[in-house]
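The values are calculated or read from the model by the stated rules, or taken from the named source; none is laboratory data. Everything numeric here is computed off the predicted structure, so don't read it as measured data. Counting neighbours? That spans all protein chains shown, and the Cβs are built from the backbone with ideal geometry, glycine included. Accessible surface areas use protein heavy atoms only, side chains included; no ligands, DNA or RNA. Shrake-Rupley method; radii C 1.70, N 1.55, O 1.52, S 1.80 Å.
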Amino acid sequence: MTADAPRPHDPMIGTLLAKEYRVVEQIGEGGMGVVYVIEHEGLRKRFAAKVLSAQLSSNAEALARFSAEALAASKLEHENIITITDLGMTADGRPFIVMELLRGQTLEQRMAQGPMTVDEILQTMVPTCEALAFAHDAGIVHRDVKPENVFLAQRPSGRVAVKLLDFGIAKVSLGDSRITKLGTAFGTPIYMSPEACRGEDVDRPADIYAIGVLLYRLFCGRAPFFDGNPLKVMQQHVNEAVPSPRALQPSLSPGLERMLLHALEKDPARRPATMRALLAELLDAVPPEARASVVGTGGLSSPTPQHPGLATPSPAPRPAVVSTDPTPGPARPSSGGIGAPRSYQRAATPAPVGAGSSRGDGRGPGQFGPKSAAAEPSRVEQLQRRAKLRRRWVLALVVVTGLAAIGGAVLLRSRAPAPTAISEPPAPAPTP
């Protein structure tokens, strides 16, 4: 079935889930299950429901993973993590999860639309890192961080909220070995840490490495390791050195390069100690004006016609960076696209690996963005020089104004008439 082909009739449409939720329409399908828009019969409020696929309903491991997702996400009450509201069973015995309905697009879909600025990257990745830090504090490791699982939700107010999705292979530290071992063989190779590629048990450093890969792709225009064969990608994560970020994108600052290489250390112990430490390195490595564009974890500036995804609130644009590198292999629906309309699902299908490319490295033409990107640091320097000039002009104006006021006061005093002395009347002569 192609992206534009009509969906076959789904027998779930129009039925009731747990006698409370009416199934309205199907909006997504992934490896674990199908996502529907549902409406609560009493509240008349719409939600999203993720139902385990019929093919996996008798698979004990799939059932455990599905329960792990509900358990992990329900523990995490954070504004940048998808909210789970209910859990139930269908009439034919398949579990389903009820969650908030999100309208918008995934980060992967936004990246497919064109380059993202430094402001946009920060406004997306700062909330994502904060959500992961919150999960780590709660003893939960995501283990499948990728742009398909970062959702840019359009709010009725016009703002965009970042939501972390899909804890289906999360590691939950609850003393249950059956759950904590789930996901060892799962993940997306392009974002997997070396220890995950070796089949070892993974912890928080694996999420830090995945964020490093995502940031590398956002800033450099491609992933550090890329091949049409997923096994080769995993071998590269384990054995090959990370290509120099500045060799791919000369406009990057040395600080950004150090941050990326630190996050992508092969040894988990050599990476940033925590997700918050990585976030601090990221913010330290960008210009101060870019840090000022981060408006907090609650949401982003509303989109504009020029930027159908995230908008840049700053009047002075940051250097454009590239984010067009497709995920290896043919496009497949993401299990985390909760609430994304079909129009977004169709627009988000990336080109197959190597499409239109003769380089042999899996990258299509134009993946390094406009040539002017390398010259962008001079624009920042110009802005800084202008700011210094403005400060100097203001200081000079203050000094001139002060001198003029003093001179005026002196002039007024010099021209003022001398006061007239008032003599006392002569005393009357004494009477003889």
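Enumerate the aspartates and glutamates that LYS266 could reach by cross-link, defined here as Cα to Cα under 20 Å, with residues fewer than 8 away along the same chain left out.
ASP144, GLU195, GLU200, ASP201, ASP203, ASP207, ASP227, GLU240, GLU257, GLU281
Which value, in debye to the nearest 20, describes the size of the charge dipole of the stretch 186-231 about its Cα centre when Lys and Arg Cβ atoms bear +1, Asp and Glu Cβ atoms bear -1, and nothing else is charged?
Working: 4 positive and 6 negative charges, 54 e Å.
Charge dipole, the stretch 186-231, about its Cα centre: 260 debye, nearest 20.
Hey, what do the phi angles of the stretch 224-239 turn into as Karplus ³J(HN,Hα) couplings, whole Hz, using 6.51/-1.76/1.60 and θ = phi - 60°, x for Gly and Pro?
After applying 6.51 cos²θ - 1.76 cosθ + 1.60, I find x, 10, 8, 6, x, 9, x, 5, 5, 4, 5, 5, 5, 4, 7, 10 Hz.
In whole Hz, what ³J(HN,Hα) sequence does the stretch 261-272 give by Karplus (6.51, -1.76, 1.60; θ = phi - 60°), x for Gly and Pro?
5, 5, 5, 9, 4, 5, 7, x, 5, 8, 7, x
Would you mind getting the Kirkwood hydrodynamic radius of the stretch 190-291 from its Cα pairs, rounded to one decimal in Å? Don't jump to the answer; show the numbers that get you there.
Working: mean 1/r = 0.0727 Å⁻¹.
This gives a value of 13.8 Å.
HN-Hα J couplings of the stretch 130-140 from phi, Karplus 6.51/-1.76/1.60, θ = phi - 60°, integer Hz, Gly and Pro as x?
The phi angles translate into 5, 5, 5, 4, 5, 5, 4, 4, 8, x, 10 Hz.
For a quick check of your reading of the filter: which trypsin sites (Lys or Arg not before Pro) in the stretch 8-70 sit in a DSSP loop and have no more than 13 other Cβ atoms within 10 Å? Don't skip to the answer; put the middle values down first.
On the way: sites: LYS19, ARG22, ARG44, LYS45, ARG46, LYS50, ARG65; in loops: LYS19, ARG44, LYS45.
Hits after loop and neighbour filter: LYS19, ARG44, LYS45.
Can you list the GluC sites (Glu not before Pro) in the stretch 1-106 that are in a DSSP coil and have 14 or fewer other beta carbons within 10 angstrom? Present the calculation step by step, with values, prior to reporting the outcome.
Numbers: sites: GLU20, GLU25, GLU29, GLU39, GLU41, GLU61, GLU69, GLU77, GLU79, GLU100; in loops: GLU20, GLU41, GLU77, GLU79, GLU100.
Answer by residue number: GLU41, GLU77.
Once amide H atoms are built 1.01 Å from N in the peptide plane, which residues 5 or more positions from LEU87, or in another chain, come under 5 Å H to H?
Counting only residues 5 or more places away or on other chains, the set is VAL98.
Round to a whole number: what % of the accessible area of the stretch 28-68 belongs to carbon and sulfur, probe 1.4 Å? Please list the in-between numbers first.
Values: 850 of 1780 Å².
Ligands and nucleic acids excluded, carbon and sulfur reach 48 percent.
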